[in-house]
Amino acid sequence: MQIIRHSEQTLKTALISKNPVLVSQYEKLDAGEQRLMNEAFQPASDLFGPITLHSPSDWITSHPEAPQDFEQFFSDPYRKTPSPNKRSIYIQSIGSLGNTRIISEEYIKWLTGYCKAYFYGLRVKLLEPVPVSVTRCSFRVNENTHNLQIHAGDILKFLKKKKPEDAFCVVGITMIDLYPRDSWNFVFGQASLTDGKVDSSKRF
């Protein structure tokens, strides 16, 4: 078992940039946002806590990636940014999210609150829930788990048709397993960076 910890200096180097555009953004932070930023650098903060790697099959170990600081992320030419006319995240639930309507509503309420906090400044709106049959997606029964699975690519096509004009993106949520192609066992979720669509299953 391995534990990854980042020092205060490492976090500051990764998160704070001298890019003039970003510096002007830092200067506009209100008191609450400044406090949150300062808390991020503290060793005891929950924002960037230690990461425990339990085995060589953990994602960080088995899929090594080059590090990316915030300035690199900010300067990425392929990064989509909200515009004045497209500042809404839409959540589309597909199929039942719980054993009862109350559980489904509580789950969506929690997810909506999380999105509002994480994607600060964007509006979060709900689309009317739909049954899986409406998506007309392909499906299969996994030969190993015997779970019903629906095709992630077909869900993305469905979400593209449902995307409102003012949407920055539309997120499809389902409790049914997903698969991207026949050769894959399952997939956590799938997204289209160009079309602003994401679909994710309960494995997320």
Can you tell me which of (1) open to solvent by less than 100 Å² (accessible area, probe 1.4 Å); (2) assigned to a helix (DSSP H, G or I) is the one G121 doesn't meet? (2)
I need every pair where a residue in segment 100-116 that is in the same structural domain as P129 (by the TED database) has its Cβ under 8 Å from the Cβ of a residue that is among the polar types (S, T, N, Q), sequence separation at least 6 or different chains. S104/S93; S104/S96; I108/S93
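Would you say W110 is out of contact with any strand residue (DSSP E or B) (no Cβ under 8 Å at 6 or more places or on another chain), open to solvent by 70 Å² or more (accessible area, probe 1.4 Å) and at pLDDT 90 or above? I'd like the intermediate steps shown before the answer.
On the way: out of contact with any strand residue (DSSP E or B) (no Cβ under 8 Å at 6 or more places or on another chain): yes; open to solvent by 70 Å² or more (accessible area, probe 1.4 Å): yes; at pLDDT 90 or above: yes.
Spelling it out, W110 is indeed out of contact with any strand residue (DSSP E or B) (no Cβ under 8 Å at 6 or more places or on another chain), open to solvent by 70 Å² or more (accessible area, probe 1.4 Å) and at pLDDT 90 or above.
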What are the residue pairs meeting all of these: first residue in segment 172-183, first residue assigned by the TED database to the domain that holds S96 and farther than 13 Å from S138 by Cα, second residue in a strand (DSSP E or B) and acidic (D, E), Cβ atoms under 7 Å, and 6 or more apart or on different chains? G172/D199
Only one of D69, D46, D30 is modelled with pLDDT under 85 and outside the structural domain of K160 (by the TED database). Can you tell me which? D46
Being in contact with a His (Cβ under 8 Å, 6 or more places away or on another chain) and closer than 30 Å to P64 by Cα narrows it down to one residue among M1, M37; which is it? M1
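Do you know which residues across segment 124-155 are assigned to a loop (DSSP other than H, G, I, E, B) and either more than 15 Å from C169 (Cβ to Cβ) or of a type outside the set (A, V, I, L, M, F, W, C) (or both)?
Going through segment 124-155, the residues assigned to a loop (DSSP other than H, G, I, E, B) turn out to be 127-129, 131, 136-138, 142-147.
Across segment 124-155, the qualifying residues are E128, P129, P131, R136, C137, S138, N142, E143, N144, T145, H146, N147.
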G49 meets each of (1) more than 21 Å from the chain's Cα centre (by Cα); (2) small (G, A, S); (3) not in a helix (DSSP H, G or I) with one exception, condition (1)
Quick count over segment 5-19, residues being surrounded by fewer than 10 Cβ atoms within 10 Å (Cβ to Cβ) and within 18 Å of T52 (Cα to Cα), is 0
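Quick one: how many residues across segment 47-71 are within 17 Å of T10 (Cβ to Cβ), among the β-branched types (V, I, T) and surrounded by 12 or more Cβ atoms within 10 Å (Cβ to Cβ)?
So in segment 47-71, the residues within 17 Å of T10 (Cβ to Cβ) come out as 47-51, 60, 65-71.
Keeping just the survivors that are among the β-branched types (V, I, T) gives 51, 60.
Filter once more, keeping what is surrounded by 12 or more Cβ atoms within 10 Å (Cβ to Cβ): 51.
Counting residues in segment 47-71 that are within 17 Å of T10 (Cβ to Cβ), among the β-branched types (V, I, T) and surrounded by 12 or more Cβ atoms within 10 Å (Cβ to Cβ) gives 1.
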Out of (1) open to solvent by 80 Å² or more (accessible area, probe 1.4 Å); (2) within 18 Å of the chain's Cα centre (by Cα); (3) free of Cβ contacts under 8 Å to residues at least 60 places away in the same chain, the odd one out for F74 is which? (1)
Which of the residues spanning segment 77-98 are among the small types (G, A, S) and loosely packed, with under 10 Cβ neighbours inside 10 Å? S83
Leading residue by the ranking (most open to solvent (accessible area, probe 1.4 Å)) among those in segment 20-46 that are of a type in the set (A, V, I, L, M, F, W, C) and out of contact with any Leu (no Cβ under 9 Å at 6 or more places or on another chain): A44
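The values are calculated or read from the model by the stated rules, or taken from the named source; none is laboratory data. This structure is a prediction, so every number in the text was calculated from the model and none was measured. Backbone-built Cβ (ideal geometry, glycine too); neighbour counts: all protein chains shown. All accessible areas refer to the heavy atoms of the entire protein, side chains included, with ligands and DNA or RNA removed. Shrake-Rupley method; radii C 1.70, N 1.55, O 1.52, S 1.80 Å.
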